[in-house]
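**Q** Below you'll find the structure I mean.
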């Protein structure tokens, strides 16, 4: 699979344990750094449409939490683990290139 990665920002812009919003053509992302790894998921709660990047990060459980309905999604898989949401959020491949965070536009599941 020949994926195309796009730079979204620097690693320094994504503090450990916090979520940041980024936008690529046609795609809004919620990006989280946990234990030195960076994860990118779709930035829209499938239950109520809220921006997950406005929510909180539960570092103990690797979750990003919707600010409106408290649905919580695993940043590694996109799967909902609590709250009213039953549908997952998309997960995007991430790699670090010379201090830059790059995300695959294909939206393939992360390894």
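**Q** Within segment 76-98, how many residues turn out to be in a loop (DSSP other than H, G, I, E, B) and farther than 19 Å from residue 10 by Cβ? Walk me through how you get there before you give the answer.
**A** Filtering segment 76-98 down to residues in a loop (DSSP other than H, G, I, E, B) leaves 76-79, 83-90, 93, 98.
Next, only the ones that are farther than 19 Å from residue 10 by Cβ stay: 76-79, 83-90.
Counting residues in segment 76-98 that are in a loop (DSSP other than H, G, I, E, B) and farther than 19 Å from residue 10 by Cβ gives 12.
**Q** Do you know which residues across segment 41-59 are assigned to a loop (DSSP other than H, G, I, E, B) and either in contact (Cβ under 8 Å) with a residue 40 or more places away in the chain or within 12 Å of the chain's Cα centre (by Cα) (or both)?
**A** Step one: of segment 41-59, the residues assigned to a loop (DSSP other than H, G, I, E, B) are 43, 45-50, 55, 59.
Within segment 41-59, 43, 45, 46, 47, 55, 59 qualify.
**Q** Evaluate segment 100-111: report whether one residue or more is farther than 22 Å from residue 36 by Cβ, modelled with pLDDT of 95 or more and surrounded by fewer than 19 Cβ atoms within 10 Å (Cβ to Cβ).
**A** No, segment 100-111 contains no residue that is farther than 22 Å from residue 36 by Cβ, modelled with pLDDT of 95 or more and surrounded by fewer than 19 Cβ atoms within 10 Å (Cβ to Cβ).
**Q** Kindly evaluate residue 38 against the criterion of being touching a residue at least 60 places away in the same chain (Cβ under 8 Å) and either in contact with a helix residue (DSSP H, G or I) (Cβ under 9 Å, 6 or more places away or on another chain) or crowded, with 19+ Cβ neighbours inside 10 Å (or both). First the steps, then the outcome.
**A** Values: touching a residue at least 60 places away in the same chain (Cβ under 8 Å): yes; either in contact with a helix residue (DSSP H, G or I) (Cβ under 9 Å, 6 or more places away or on another chain) or crowded, with 19+ Cβ neighbours inside 10 Å (or both): yes.
Taking the combined requirement at face value, the residue satisfies it.
**Q** Cβ-Cβ below 8 Å, separation at least six or inter-chain, first residue in segment 1-29 and part of a helix (DSSP H, G or I), second surrounded by 14 or more Cβ atoms within 10 Å (Cβ to Cβ): which pairs?
**A** From residues that are part of a helix (DSSP H, G or I), the pairs are 11/33; 11/38; 11/100; 11/101; 13/20; 13/101.
**Q** Just a yes or no: is a residue in segment 52-60 crowded, with 18+ Cβ neighbours inside 10 Å, in contact with a helix residue (DSSP H, G or I) (Cβ under 8 Å, 6 or more places away or on another chain) and under 24 Å from residue 15 (Cβ atoms)?
**A** The answer is no, given that none of the residues of segment 52-60 is crowded, with 18+ Cβ neighbours inside 10 Å, in contact with a helix residue (DSSP H, G or I) (Cβ under 8 Å, 6 or more places away or on another chain) and under 24 Å from residue 15 (Cβ atoms).
The values are calculated or read from the model by the stated rules, or taken from the named source; none is laboratory data. Everything quoted here is computed from the prediction, not taken from an experiment. Backbone-built Cβ (ideal geometry, glycine too); neighbour counts: all protein chains shown.
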